[in-house]
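Single-structure report; data block below.
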Amino acid sequence: MQATVRKLSINMKGKKGVIILGSARGDGNTRKIVNMIRANHKNLHFINLCEKKIGYFDYEFRNQDDDFIPLMSEILEYEVLIFATPVYWYSMSGILKNFFDRITDLLEIRKDLGRRLNGKTMMSISCGSNAEILDSFSIPFSETAKYLKMNYWGHTHTWINAGKIPVEVELQLEKFLIKLR
């Protein structure tokens, strides 16, 4: 089964969406991108993973007292999940990787929550130091969506120059996020 990549003409009116920031720095460059998105899409809610206590995945499920399960209960109220991450060593951030690894909890001990991911929509946004990004960067997002039977609306890469969002990035983001209108 393949994740569905939707075209830009999708109308999201009435659907609830959330941006999930997975950065070790809550006020870094990726946050600048998220802030710009939220300024133009005021209906998007926001979750900052660095403000949560989310342990790593372990096979004994010893992290059940952390914030992951309550956070997932909150996230599952949204229909569109947008993951925003800096590029760390050619991949998503460690904090977001831990979050993705913990989805296993939903497949093993909280199947009631895991089943609710089916049919939801996922998007991903990365922010790096330049315009270069490997095509393979989005694979963990698209394959996770496919495995969980979610719709994958795609990935876009952004960057910051001299502390500012380039006009090229603004235009690219607007084209990418037109799906939310």
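Across the range 36-51, the qualifying residues are those that are assigned to a strand (DSSP E or B), of a type outside the set (A, V, I, L, M) and in contact with a Leu (Cβ under 8 Å, 6 or more places away or on another chain), and the one among them that is surrounded by the most Cβ atoms within 10 Å (Cβ to Cβ) is Asn48. The single condition from (1) surrounded by 17 or more Cβ atoms within 10 Å (Cβ to Cβ); (2) touching a residue at least 60 places away in the same chain (Cβ under 8 Å) that Phe141 fails is (2). Among residues of the range 61-81 that are within 17 Å of Asn98 (Cα to Cα), those with a beta-carbon under 8 Å from a residue that is in a loop (DSSP other than H, G, I, E, B) and of a type in the set (Gly, Ala, Ser) at least six positions away or on a different chain give the pairs Arg62/Gly55; Asn63/Gly55; Asp66/Gly55; Phe68/Gly55. Would you say Arg110 is free of Cβ contacts under 8 Å to residues at least 12 places away in the same chain, more than 18 Å from Val18 (Cβ to Cβ) and not acidic (Asp, Glu)? So Arg110 fails the test. Consider the range 81-98 and keep the residues that are among the β-branched types (Val, Ile, Thr) and closer than 18 Å to Tyr152 by Cα. The one that is surrounded by the most Cβ atoms within 10 Å (Cβ to Cβ) is Thr85.
The residues of the range 141-151 that are under 14 Å from Leu81 (Cβ atoms) and not small (Gly, Ala, Ser), listed by number, are Phe141, Thr144, Leu148, Lys149, Met150, Asn151. Residue count for the range 55-78 satisfying the condition of being β-branched (Val, Ile, Thr) and either under 17 Å from Ile19 (Cβ atoms) or surrounded by fewer than 12 Cβ atoms within 10 Å (Cβ to Cβ) (or both): 1. Out of Thr104, Thr121, Thr30, Thr85, one residue alone is of a type in the set (Val, Ile, Thr) and more than 16 Å from the chain's Cα centre (by Cα). It is Thr104.
Exactly one residue out of Asp135, Asp105 is acidic (Asp, Glu) and either in contact with an Asp or Glu (Cβ under 9 Å, 6 or more places away or on another chain) or modelled with pLDDT of 95 or more (or both): that is Asp105. Counting only residues that are in a helix (DSSP H, G or I), under 30 Å from Arg116 (Cα atoms) and without any contact (Cβ under 8 Å) to a residue 40 or more places away in the chain, the range 151-175 holds 0 of them. Any residue in the range 113-132 that is part of a loop (DSSP other than H, G, I, E, B), more than 24 Å from Cys50 (Cα to Cα), touching a residue at least 24 places away in the same chain (Cβ under 8 Å) and among the polar types (S, T, N, Q)? Yes: one or more hits. Selection within the range 1-25: residues that are modelled with pLDDT of 85 or more and surrounded by fewer than 17 Cβ atoms within 10 Å (Cβ to Cβ). The member of this set that is farthest from Ile160 (Cα to Cα) is Lys16. Does at least one position in the range 53-63 carry a residue that is at pLDDT 90 or above, more than 17 Å from Arg181 (Cα to Cα) and basic (Lys, Arg)? The answer is yes, given that some residue of the range 53-63 is at pLDDT 90 or above, more than 17 Å from Arg181 (Cα to Cα) and basic (Lys, Arg).
The values are calculated or read from the model by the stated rules, or taken from the named source; none is laboratory data. Values in this document were obtained by computation on a predicted structure and should not be read as measured data. All Cβ positions, glycine included, derive from the backbone under ideal geometry; neighbour counts span all protein chains shown.
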